[in-house]
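Chemist: My questions all concern the structure below.
The values are calculated or read from the model by the stated rules, or taken from the named source; none is laboratory data. What you are looking at is a predicted structure, and each value in this text was computed from that prediction instead of being measured. Note that we place each Cβ from the backbone using ideal geometry, even for glycine, and neighbour counts take in every protein chain shown.
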Amino acid sequence: MHRCLEAVASQTRPCDRIIVVDNASTDGTLDELNEVWGDRIEVLALSRNVGAAGGFSIGMRVGYQTGAERLWLMDDDVIPDPDALERLLAGEARLAERGLSASYLVSVARTGRGLMINTPGIDLRQNEIWSHEWPKLLDIGLVPVNRATFVSILLPRVTMARHGALLAEMFIWGEDVEYTTRVALDVPGYVVGESKVQHLRQIEGELTLETESNPARIRYHFHRTRNMVFIRRRYDSRTNFIREVLLNLKRAAYFLRRGEWLKVKILVAGVARGITFSPEKVDIDRPFRDEPIDFPAYRTRYGV
């Protein structure tokens, strides 16, 4: 967390404000933030854990409703290069010079060992002669993408005004993919080759139910299964949606043979819920009256 904040606070293009969403931490993080960072940051403390989706969603709404023209969002295990923000803004300016706009811009992410991670999906739209357009802006280091993660993403105000905030009901896993897929349907996002960050996850490899042994984390895979079935259903082909359902049922059969009943239950319940899941759109201007925000200074300042 502190490495992330130090990197954000040391950008060559300084951030106008730094807002930290404390998602009902119980390990002393809130006290530590206030003690170490003081008034250099603004802490938005939540009285209950609303998941990554809920935390990002509330943070987006606070930033938007207090006037931000752009939001630069990331997890606390992301370490941006000193010029990461400057490069994102430069990419936005280069697009404008060519009469183009972006629904969002993202940085190139690597692990601590230099491996690629959180790789966006290339936008494969074709031109009138049926050729892919994605190499068009390689000369200025930009590639159009149709999905990404919230590992260093720059969101323009117009995107949030048009599409709202993250779907808080998704809770965790895939909520950023859903949002970036949805907002890029009309206007693509862009990965900016010169903007670089490190994503220092505790586990570098893929987080799978097959390798997970922590019962608490196993239960989180319900959200992952449900959300991926939902995303396939809403944004992908019928064939890929059916393939996603069958793949997870096949995995459930594998765990059934092994006697891993909790994992079977998680997968079956996730698939069943994903088929009907329809999370409510979160309006970016929605008031905060019913949100679990518990920080008097913030309530006073922003009237929430």
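Chemist: Only residues that are of a type in the set (S, T, N, Q) and touching a strand residue (DSSP E or B) at 6+ places or on another chain (Cβ under 9 Å): list them for segment 15-63, please.
Modeler: ASN23, SER25, THR29, ASN34, SER47, SER57
Chemist: Assess whether ASN127 counts as being surrounded by 13 or more Cβ atoms within 10 Å (Cβ to Cβ) and more than 13 Å from VAL192 (Cα to Cα).
Modeler: The answer is no for ASN127.
Chemist: Sort out for me the strands (runs of 3 or more DSSP E) sitting completely within segment 1-114 that have 3 or more residues that are β-branched (Val, Ile, Thr).
Modeler: Qualifying strands (runs of 3 or more DSSP E): 19-22.
Chemist: Test each condition in (1) of a type in the set (D, E, K, R); (2) in contact with a strand residue (DSSP E or B) (Cβ under 7 Å, 6 or more places away or on another chain); (3) not assigned by TED's automatic domain parsing to the domain that holds ALA93 for ARG147 and report the one that comes out false.
Modeler: Here ARG147 clears every test but (3).
Residue-by-condition table, conditions (1) buried (at least 17 other Cβ atoms within 10 Å of the Cβ); (2) at pLDDT 95 or above:
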residue	(1), (2)
SER25	no, no
LEU33	yes, no
ILE41	yes, no
ARG48	no, no
GLY51	yes, no
PHE56	yes, yes
VAL62	yes, no
ARG70	yes, yes
LEU73	yes, yes
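Chemist: Does ARG226 qualify as being surrounded by fewer than 23 Cβ atoms within 10 Å (Cβ to Cβ) and among the charged types (D, E, K, R)?
Modeler: no
Chemist: Looking at segment 1-55, which of its residues are within 21 Å of the chain's Cα centre (by Cα) and basic (Lys, Arg)?
Modeler: Within segment 1-55, ARG3, ARG17, ARG48 meet the criteria.
Chemist: May I ask you to say which residue of ARG94, ARG125, ARG98 is modelled with pLDDT under 95 and not hydrophobic (A, V, I, L, M, F, W, C)?
Modeler: ARG125
Chemist: Also, I was wondering about something else. Does segment 273-298 hold any residues that are modelled with pLDDT under 70 and farther than 25 Å from HIS221 by Cα, and which are they?
Modeler: ARG289, ASP290, ILE293, ASP294, PHE295, PRO296, ALA297, TYR298
Chemist: Working only within segment 115-156, note down all residues that are in a strand (DSSP E or B) and polar (S, T, N, Q).
Modeler: If the condition is that a residue be in a strand (DSSP E or B) and polar (S, T, N, Q), then GLN126, ASN146 are the ones that fit.
Chemist: Are any residues in segment 96-120 within 26 Å of TYR235 (Cα to Cα) and free of Cβ contacts under 8 Å to residues at least 60 places away in the same chain, and if so, which ones?
Modeler: LEU100, MET116, THR119
Chemist: Same structure, new question: Within segment 16-35, which residues are over 18 Å from MET74 (Cα atoms) and of a type in the set (Lys, Arg)?
Modeler: Result: no residue meets the conditions.
Chemist: Being surrounded by 15 or more Cβ atoms within 10 Å (Cβ to Cβ), assigned by TED's automatic domain parsing to the domain that holds GLY91 and among the basic types (Lys, Arg): is that true of ARG157 here?
Modeler: yes
Chemist: Select from segment 239-276 the residues that are surrounded by 14 or more Cβ atoms within 10 Å (Cβ to Cβ) and closer than 17 Å to ASN214 by Cα and list them in ascending order.
Modeler: Selection gives PHE255, GLU260, LYS263, VAL264, LYS265, ILE266, LEU267.
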